[in-house]
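The values are calculated or read from the model by the stated rules, or taken from the named source; none is laboratory data. The shown structure was predicted, so the numbers you read here are calculated from the model rather than taken from an experiment. All Cβ positions, glycine included, derive from the backbone under ideal geometry; neighbour counts span all protein chains shown.
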Amino acid sequence: MRVKLTGLTKEFTPGQPILSSIDFDDDIHSLAIIGPSGGGKSTLLRILGGLLPASAGTVSVDGRTIGQNESERQAYRMTIGFVFQQGGLFEHLTARQNITLPLVKVRKWQPQRAEARADELLTRFGLLADGDKKPAALSGGQKQRIAIARAIAPTPGLLLLDEPTSALDPEFTGEVLDMVEELRQNGMDIIIVTHEMGFARHACEKTAFLHGGSLLEYGNSEALFTRPSTPELKAFLGKLLEWRA
């Protein structure tokens, strides 16, 4: 998946950029976006997902420019999957219905086909017994895994995840990351905003470090974590390691 950013800038308030003139061009298979809060990570992911327009600059994914026009961005969103921090499940629907409804209503699949796809994914990820439960009856980890299953149900070309484990207890974080890792190993292209540094370092091929709206470092994950070249990344990683045993 080729991702190219040229002079990417995003402002919500004039003169106060959240992202400042980011340039980037590389083939992405698994990319972790890390950095301190307020650095622009989620904003960048939403622009890559076609949920937000850029204020300036251009964004292209596999040669397809993500424009300012909402109808164009809507068509682009049909080609990707997106998982939010809280999953965004419909609380009045069962886990299975959360997967099938977008397939039927948005993508115009026949209900029988959508049901078969939902059961295929629920079985694959060990959630079939939970298919008839509503979100209130599921654990945080189960809800996020259902959200991921929903995102990949139409077989998107790219999966974007915005801190999918940020609201989870530690016991559920591993099961969600294991699911993401399985998808990566099976060839799905993934970009994930995460605060799980172990996952970024060991499961993602590349890592991008955002700080103050700028892309300060990018490269091979292992090299970036073991040999940070900017004082900002050194300080960021140092704070994360400060209280480890």
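Please verify whether residue 144 is at pLDDT below 95, under 18 Å from the mean Cα position of the chain (by Cα) and either crowded, with 20+ Cβ neighbours inside 10 Å or farther than 29 Å from residue 35 by Cβ (or both), treating the condition exactly as stated.
yes
Considering the stretch 215-230 alone, what residues qualify as being farther than 27 Å from residue 13 by Cα and buried (at least 22 other Cβ atoms within 10 Å of the Cβ)?
The answer is 221, 224.
Do you know which residues across the stretch 147-175 are surrounded by 22 or more Cβ atoms within 10 Å (Cβ to Cβ), out of contact with any strand residue (DSSP E or B) (no Cβ under 9 Å at 6 or more places or on another chain) and either under 24 Å from residue 39 (Cβ atoms) or at pLDDT below 95 (or both)?
The one that is surrounded by 22 or more Cβ atoms within 10 Å (Cβ to Cβ), out of contact with any strand residue (DSSP E or B) (no Cβ under 9 Å at 6 or more places or on another chain) and either under 24 Å from residue 39 (Cβ atoms) or at pLDDT below 95 (or both): 165.
Give me the pairs: first residue in the stretch 204-231 and in contact (Cβ under 8 Å) with a residue 40 or more places away in the chain and among the acidic types (Asp, Glu), second residue part of a strand (DSSP E or B) and buried (at least 16 other Cβ atoms within 10 Å of the Cβ), beta-carbon distance under 7 Å, and six or more apart or on different chains, which are they?
205/30
Do we have any residue at all in the stretch 212-230 that's within 15 Å of the chain's Cα centre (by Cα) and either farther than 23 Å from residue 76 by Cα or not hydrophobic (A, V, I, L, M, F, W, C) (or both)?
Looking for residues that are within 15 Å of the chain's Cα centre (by Cα) and either farther than 23 Å from residue 76 by Cα or not hydrophobic (A, V, I, L, M, F, W, C) (or both), one finds none in the stretch 212-230, hence no.
Is the stretch 201-214 home to any residue that is in a loop (DSSP other than H, G, I, E, B) and surrounded by fewer than 19 Cβ atoms within 10 Å (Cβ to Cβ)?
Yes, some residue in the stretch 201-214 is in a loop (DSSP other than H, G, I, E, B) and surrounded by fewer than 19 Cβ atoms within 10 Å (Cβ to Cβ).
Which residue, of 73, 77, 113, 107, is touching a residue at least 40 places away in the same chain (Cβ under 8 Å) and more than 23 Å from residue 172 (Cα to Cα)?
From the options 73, 77, 113, 107, the qualifying one is 107.
Out of curiosity, is residue 225 over 24 Å from residue 118 (Cβ atoms) and either out of contact with any His (no Cβ under 9 Å at 6 or more places or on another chain) or assigned to a helix (DSSP H, G or I) (or both)?
Answer is yes for this residue.
If we scan the stretch 187-195, do we find a residue that is surrounded by 15 or more Cβ atoms within 10 Å (Cβ to Cβ) and in contact with a Gly (Cβ under 8 Å, 6 or more places away or on another chain)?
Yes - at least one qualifying residue is present in the stretch 187-195.
Of all residues being charged (D, E, K, R) and touching a Lys or Arg at 6+ places or on another chain (Cβ under 6 Å) in the stretch 21-62, which is nearest to residue 210 (Cα to Cα)? Just the residue, please. Before the answer, list the steps.
First, the residues of the stretch 21-62 that are charged (D, E, K, R): 23, 25-27, 41, 46, 62.
This time we only want the ones that are touching a Lys or Arg at 6+ places or on another chain (Cβ under 6 Å), so: 25, 27, 62.
Details: 25: 16, 27: 18, 62: 22 Å.
Looking at the filtered set, the residue picked out is 25.
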